[in-house]
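Here the structure comes first, spelled out in structure tokens, and everything after it is commentary.
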Amino acid sequence: MDRRVRKAVLPVAGLGTRVLPGAKTTPKNMLNVFDRPILSYIIEEGRAAGIEHFVFIVGRGQGAIEDYFDASPEIEGALEAKGKADILAEVRRDLPEPGQMSFVRQMAPLGLGHAVWCARDIIGDEPFAVMLPDMLMAAAPAALAQVVSAHGQVGGNIIAVEPAPEGQAHKYGIVDLEGQIGRLNRMRGMVEKPAPGTEPSNLFISGRYVLQPEIFPLLEKQGKGAGGEIQLTDAMAELMKIQPFHALEYDGVTYDCGDKIGLLRANVAFALRHPSLGQMAREAIDSLL
Ligand code: UTP
């Protein structure tokens, strides 16, 4: 029987070249989506899925991430003194309990597979989640909660997928399914950026996974793949030879904050969804059109 998914790996050490110059001094995942950093949404999603420990894989110059998840006595004290309880609650909402977050330096951005491998000692011998923090999911229940629940049903490895926009499947990592009944289907394989017309499905890998710890020895011996990087997909393809993988077409929408237009779309979408400021955001956006 598979064990519970308690830990999540968040690889944030990429260079974020597509959102430069914004990501030059601010880590990409600390850029704001409307009223809070991208990572604030990701942590909220992870917690909703029952994650108890977040392992960040960071690079140089990303100390702002660690600082964001630490107490800030000056700011909190000033807000307390001024009686600004609502802002204080927002500042504190993302804080972990001491010991619930780890930060590991990747030391060189050798690829997503290498980043995940850097978490091996902290994850140990249990199933774990991977959350690509560029990908913001608008979903209820939270996207990772749906993935973890699928893992509770069928065990093994789970990959969240979503239909690619019409005619766009060749731009993504696409899953190949044994058959398609409902939303949770056993996988046969996956293809990175298939040539147009050769896509095995229209479902793209959207950035939430539950993986078994047997991925680590495979990552250890994984050579460089596409783009000269150590690819997570190559190690997953190896693991698929010995363990089941299921694709979950989760209920929700992904916003790719890794490029400028995706980040703009996320800003607009999450502003419109904001519980108290959504209506004002709508009026502000309308006034620009
Ligand atoms: P991306 O390729 O989308 O991110 O990697 P990037 O490298 O930051 O983006 P560009 O292309 O330069 O704009 C997917 C995720 O994997 C992480 C990234 O931070 C991102 O969250 N990653 C990638 C690492 O942590 N380490 C790596 O060596 C590569």
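The values are calculated or read from the model by the stated rules, or taken from the named source; none is laboratory data. Worth saying up front: this structure is predicted, and the values here are computed from it rather than measured. Virtual Cβ from ideal backbone geometry, glycine too; neighbours counted across all protein chains shown. Only protein heavy atoms, including side chains, enter the accessible area calculation; ligands, DNA and RNA are left aside. Shrake-Rupley method; radii C 1.70, N 1.55, O 1.52, S 1.80 Å.
Things worth noting here:
- Subset of the range 16-48 (residues that are within 15 Å of L132 (Cα to Cα), open to solvent by less than 70 Å² (accessible area, probe 1.4 Å) and either outside any loop (DSSP other than H, G, I, E, B) or more than 14 Å from the ligand (Cβ to nearest atom) (or both)): K28, N29, M30, P37, I38, L39, S40, Y41, I42, I43, E45, G46
- First in the range 10-24 and without any contact (Cβ under 8 Å) to a residue 40 or more places away in the chain, second anywhere and more than 6 Å from the ligand (Cβ to nearest atom) and outside any helix (DSSP H, G or I), Cβ under 9 Å, 6 or more apart: T17/A23; G22/L31; A23/L31; K24/G61
- The residues listed here are P194, P200, P165, P213; of these, the one that is in a loop (DSSP other than H, G, I, E, B) and within 19 Å of the chain's Cα centre (by Cα) is P213.
- Taking the range 80-95 as the range and being of a type outside the set (K, R), closer than 21 Å to L39 by Cβ and either within 16 Å of the ligand (Cβ to nearest atom) or touching a helix residue (DSSP H, G or I) at 6+ places or on another chain (Cβ under 8 Å) (or both) as the test, the residues that pass are I87, L88, V91, D94.
- Top-ranked residue in the range 96-113 [being of a type in the set (A, V, I, L, M), within 18 Å of the chain's Cα centre (by Cα) and closer than 18 Å to G63 by Cα; ranked as farthest from the ligand (Cβ to nearest atom)]: M101
- Some residue of the range 245-255 being more than 15 Å from A160 (Cα to Cα) and either touching a Leu at 6+ places or on another chain (Cβ under 7 Å) or not in a helix (DSSP H, G or I) (or both): no
- The number of residues in the range 112-148 being more than 19 Å from G14 (Cα to Cα), touching a Leu at 6+ places or on another chain (Cβ under 9 Å) and part of a loop (DSSP other than H, G, I, E, B) comes to 1.
- For P109: the one exception among (1) closer than 22 Å to L211 by Cβ; (2) outside any loop (DSSP other than H, G, I, E, B); (3) modelled with pLDDT under 95: (2)
- Counting the residues of the range 221-243 that are in a helix (DSSP H, G or I) and modelled with pLDDT under 90 gives 3.
- Of all residues in the range 266-289, those satisfying the criterion of being in a helix (DSSP H, G or I), more than 16 Å from the ligand (Cβ to nearest atom) and touching a strand residue (DSSP E or B) at 6+ places or on another chain (Cβ under 8 Å) are N267, A269, F270.
- Residues that are over 12 Å from the mean Cα position of the chain (by Cα) and of a type in the set (D, E) were ranked within the range 121-138; the one that is nearest to the ligand (Cβ to nearest atom) is D121.
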